[in-house]
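First comes the structure, then the notes that go with it.
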């Protein structure tokens, strides 16, 4: 059984304007997996990635990177663990 390296647990994000970009998103990514996040314009793809990398902080829910809550990590620490291509 592969180790979970990224766990998103009931993640929601609402912008200050009141726009709810993410609602109750959950997923697990195992070591060695490649993941593509696809969707229509405005569906929350960039918002999700910004939450994962710590550029935005979730309204509710948790993100764990190698078992550590990303709220306890700086953007610099997260960038050593997570990479993505837009």
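The values are calculated or read from the model by the stated rules, or taken from the named source; none is laboratory data. Predicted model only: the values in this text are computed from it and were never measured. A quick note on method: Cβ atoms are made from the backbone with ideal geometry, for glycine too, and the neighbour counts reach across all protein chains shown.
Within the stretch 33-64, count every residue that is outside any loop (DSSP other than H, G, I, E, B) and either surrounded by 14 or more Cβ atoms within 10 Å (Cβ to Cβ) or within 10 Å of the chain's Cα centre (by Cα) (or both). Before you say what the answer is, go through the steps one by one.
Going through the stretch 33-64, the residues outside any loop (DSSP other than H, G, I, E, B) turn out to be 45-52, 60-64.
Remaining after also requiring either surrounded by 14 or more Cβ atoms within 10 Å (Cβ to Cβ) or within 10 Å of the chain's Cα centre (by Cα) (or both): 45-52, 61-64.
Residues meeting the conditions: 12.
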A careful count of residues in the stretch 68-80 that are without any contact (Cβ under 8 Å) to a residue 24 or more places away in the chain and either touching a strand residue (DSSP E or B) at 6+ places or on another chain (Cβ under 8 Å) or under 18 Å from residue 3 (Cβ atoms) (or both) gives 6
Residue 29 vs (1) more than 10 Å from the chain's Cα centre (by Cα); (2) part of a loop (DSSP other than H, G, I, E, B); (3) under 14 Å from residue 83 (Cβ atoms): all pass except (2)
Restricted to the stretch 65-83 and to residues being more than 11 Å from the chain's Cα centre (by Cα) and in a loop (DSSP other than H, G, I, E, B), the residue modelled with the lowest pLDDT is 83
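To keep it simple, each residue is scored yes or no on (1) without any contact (Cβ under 8 Å) to a residue 60 or more places away in the chain; (2) in a loop (DSSP other than H, G, I, E, B); (3) touching a strand residue (DSSP E or B) at 6+ places or on another chain (Cβ under 7 Å); (4) surrounded by fewer than 15 Cβ atoms within 10 Å (Cβ to Cβ).
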{"position": "6", "(1), (2), (3), (4)": "no, no, yes, no"}
{"position": "13", "(1), (2), (3), (4)": "yes, no, yes, no"}
{"position": "21", "(1), (2), (3), (4)": "yes, no, yes, no"}
{"position": "24", "(1), (2), (3), (4)": "yes, no, yes, yes"}
